[in-house]
Amino acid sequence: MTIKTDLKAYGKMSRALFERCGEQLPTDLRDSALPRGHTHISLGKALSVPARPQYGLRSAEYIIFVAMWADESPYTRNLGDSCYAAAFREAFSLGLTSLAIPIFAMGGGTADTFPVERILFTSLNTGYVDRLRLALQRFL
(Lines give C-alpha, C1' and ligand atoms only; values in the text may rest on other atoms or scores of the structure.)
Protein backbone atom coordinates (compact mmCIF):
# COMPACT_ATOMS: atom_id res chain seq x y z
CA MET A 1 0.00 0.00 0.00
CA THR A 2 1.17 3.51 -0.69
CA ILE A 3 1.53 6.09 2.06
CA LYS A 4 3.04 9.52 2.51
CA THR A 5 6.38 9.87 4.26
CA ASP A 6 4.48 11.08 7.37
CA LEU A 7 2.74 7.66 7.53
CA LYS A 8 -0.63 8.92 6.23
CA ALA A 9 -2.71 7.29 3.50
CA TYR A 10 -1.83 8.07 -0.13
CA GLY A 11 -4.02 6.85 -2.98
CA LYS A 12 -7.54 5.45 -3.24
CA MET A 13 -6.80 1.92 -2.02
CA SER A 14 -4.71 3.17 0.88
CA ARG A 15 -7.38 5.69 1.93
CA ALA A 16 -10.06 2.97 1.72
CA LEU A 17 -7.96 0.65 3.92
CA PHE A 18 -7.29 3.43 6.46
CA GLU A 19 -11.01 4.27 6.60
CA ARG A 20 -12.01 0.64 7.09
CA CYS A 21 -9.40 -0.03 9.79
CA GLY A 22 -10.08 3.05 11.88
CA GLU A 23 -7.42 4.41 14.21
CA GLN A 24 -5.69 1.05 14.78
CA LEU A 25 -3.86 1.06 11.43
CA PRO A 26 -2.24 4.51 11.84
CA THR A 27 -1.27 3.46 15.37
CA ASP A 28 0.32 0.25 14.08
CA LEU A 29 2.19 2.23 11.41
CA ARG A 30 3.56 4.67 13.99
CA ASP A 31 4.54 1.77 16.25
CA SER A 32 6.29 0.09 13.33
CA ALA A 33 8.22 3.27 12.49
CA LEU A 34 9.00 4.42 16.03
CA PRO A 35 11.25 1.52 17.12
CA ARG A 36 13.54 2.59 14.30
CA GLY A 37 13.60 6.06 15.86
CA HIS A 38 11.47 7.79 13.24
CA THR A 39 8.07 9.45 12.89
CA HIS A 40 8.53 9.60 9.10
CA ILE A 41 10.00 7.16 6.62
CA SER A 42 12.15 8.12 3.67
CA LEU A 43 10.61 8.51 0.25
CA GLY A 44 10.72 5.18 -1.62
CA LYS A 45 11.21 3.08 1.54
CA ALA A 46 8.96 0.35 2.94
CA LEU A 47 7.71 -0.80 6.31
CA SER A 48 5.28 -3.53 7.33
CA VAL A 49 2.67 -4.13 9.99
CA PRO A 50 0.97 -7.40 10.96
CA ALA A 51 -2.45 -7.72 9.30
CA ARG A 52 -4.87 -7.80 12.22
CA PRO A 53 -8.10 -9.81 11.74
CA GLN A 54 -10.19 -6.63 12.10
CA TYR A 55 -8.48 -5.23 9.00
CA GLY A 56 -10.54 -7.68 6.92
CA LEU A 57 -7.65 -8.96 4.79
CA ARG A 58 -8.54 -12.64 4.93
CA SER A 59 -5.27 -14.47 4.39
CA ALA A 60 -2.74 -11.64 4.69
CA GLU A 61 -0.07 -11.95 7.35
CA TYR A 62 1.38 -8.47 6.83
CA ILE A 63 0.60 -5.22 5.07
CA ILE A 64 3.62 -3.67 3.41
CA PHE A 65 3.53 0.10 2.99
CA VAL A 66 5.80 2.13 0.73
CA ALA A 67 6.38 5.88 1.02
CA MET A 68 5.19 7.06 -2.39
CA TRP A 69 4.69 10.75 -1.65
CA ALA A 70 6.34 13.54 0.31
CA ASP A 71 4.72 16.96 0.19
CA GLU A 72 8.14 18.62 0.05
CA SER A 73 9.65 16.44 -2.71
CA PRO A 74 8.82 16.16 -6.40
CA TYR A 75 7.71 12.83 -7.84
CA THR A 76 10.15 11.15 -10.22
CA ARG A 77 9.67 8.14 -12.47
CA ASN A 78 12.41 6.28 -10.59
CA LEU A 79 10.40 6.58 -7.38
CA GLY A 80 7.89 3.98 -8.61
CA ASP A 81 10.70 1.52 -9.27
CA SER A 82 12.21 2.24 -5.84
CA CYS A 83 8.86 1.66 -4.14
CA TYR A 84 8.28 -1.69 -5.87
CA ALA A 85 11.83 -2.79 -5.03
CA ALA A 86 11.41 -1.69 -1.40
CA ALA A 87 8.14 -3.65 -1.13
CA PHE A 88 9.82 -6.78 -2.53
CA ARG A 89 12.79 -6.37 -0.15
CA GLU A 90 10.43 -5.99 2.83
CA ALA A 91 8.49 -9.09 1.77
CA PHE A 92 11.74 -11.02 1.38
CA SER A 93 12.94 -9.92 4.83
CA LEU A 94 9.66 -11.22 6.31
CA GLY A 95 10.04 -14.56 4.50
CA LEU A 96 6.81 -14.08 2.55
CA THR A 97 6.21 -16.21 -0.54
CA SER A 98 2.89 -14.70 -1.64
CA LEU A 99 2.14 -11.02 -2.25
CA ALA A 100 -0.77 -8.83 -3.31
CA ILE A 101 0.59 -5.55 -4.67
CA PRO A 102 -1.58 -2.55 -5.55
CA ILE A 103 -0.57 -1.04 -8.86
CA PHE A 104 1.08 2.35 -8.53
CA ALA A 105 3.47 4.45 -10.62
CA MET A 106 2.02 3.22 -13.91
CA GLY A 107 4.99 4.64 -15.83
CA GLY A 108 7.52 2.19 -14.38
CA GLY A 109 7.89 -0.76 -12.09
CA THR A 110 10.84 -3.11 -12.24
CA ALA A 111 12.50 -4.68 -9.23
CA ASP A 112 15.23 -7.12 -8.36
CA THR A 113 14.35 -10.80 -8.42
CA PHE A 114 13.28 -12.34 -5.13
CA PRO A 115 12.14 -15.89 -4.24
CA VAL A 116 8.43 -15.10 -4.37
CA GLU A 117 6.17 -17.86 -5.64
CA ARG A 118 3.10 -15.77 -6.43
CA ILE A 119 2.43 -12.09 -7.00
CA LEU A 120 -1.09 -10.74 -7.36
CA PHE A 121 -1.41 -7.16 -8.59
CA THR A 122 -4.58 -5.41 -7.49
CA SER A 123 -6.26 -2.18 -8.52
CA LEU A 124 -9.63 -0.52 -8.31
CA ASN A 125 -9.23 0.06 -12.07
CA THR A 126 -9.08 -3.29 -13.93
CA GLY A 127 -7.61 -1.54 -16.97
CA TYR A 128 -4.37 -1.06 -15.02
CA VAL A 129 -4.18 -4.77 -14.27
CA ASP A 130 -4.72 -5.62 -17.95
CA ARG A 131 -2.03 -3.14 -19.04
CA LEU A 132 0.43 -4.51 -16.51
CA ARG A 133 -0.32 -8.11 -17.54
CA LEU A 134 0.40 -7.22 -21.19
CA ALA A 135 3.61 -5.41 -20.23
CA LEU A 136 4.80 -8.40 -18.20
CA GLN A 137 4.09 -10.75 -21.10
CA ARG A 138 6.19 -8.55 -23.39
CA PHE A 139 9.13 -8.16 -21.03
CA LEU A 140 9.29 -11.49 -19.17
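The values are calculated or read from the model by the stated rules, or taken from the named source; none is laboratory data. This one's a predicted model, so the numbers in the text were calculated from it and none came from an experiment. All Cβ positions, even for glycine, are placed from backbone atoms using ideal geometry, and neighbour counts span all protein chains on display.
Does residue 65 count as at pLDDT 85 or above and surrounded by 13 or more Cβ atoms within 10 Å (Cβ to Cβ)?
yes
Could you tell me whether any residue of the stretch 29-43 is over 20 Å from residue 90 (Cα atoms), of a type in the set (S, T, N, Q) and either in contact (Cβ under 8 Å) with a residue 60 or more places away in the chain or surrounded by fewer than 19 Cβ atoms within 10 Å (Cβ to Cβ) (or both)?
Checked the stretch 29-43: no residue is over 20 Å from residue 90 (Cα atoms), of a type in the set (S, T, N, Q) and either in contact (Cβ under 8 Å) with a residue 60 or more places away in the chain or surrounded by fewer than 19 Cβ atoms within 10 Å (Cβ to Cβ) (or both).
Residues of the stretch 8-24 being hydrophobic (A, V, I, L, M, F, W, C) and at pLDDT 90 or above, which ones?
9, 18
Between 82, 32, 14, 48, which is under 19 Å from residue 102 (Cβ atoms), in contact with a helix residue (DSSP H, G or I) (Cβ under 7 Å, 6 or more places away or on another chain) and of a type in the set (Ser, Thr, Tyr)?
Selected residue: 48, the only one of 82, 32, 14, 48 that is under 19 Å from residue 102 (Cβ atoms), in contact with a helix residue (DSSP H, G or I) (Cβ under 7 Å, 6 or more places away or on another chain) and of a type in the set (Ser, Thr, Tyr).
In the list 49, 66, which residue meets the criterion of being over 25 Å from residue 125 (Cα atoms) and either in contact with a His (Cβ under 6 Å, 6 or more places away or on another chain) or in contact (Cβ under 8 Å) with a residue 12 or more places away in the chain (or both)?
It is 49.
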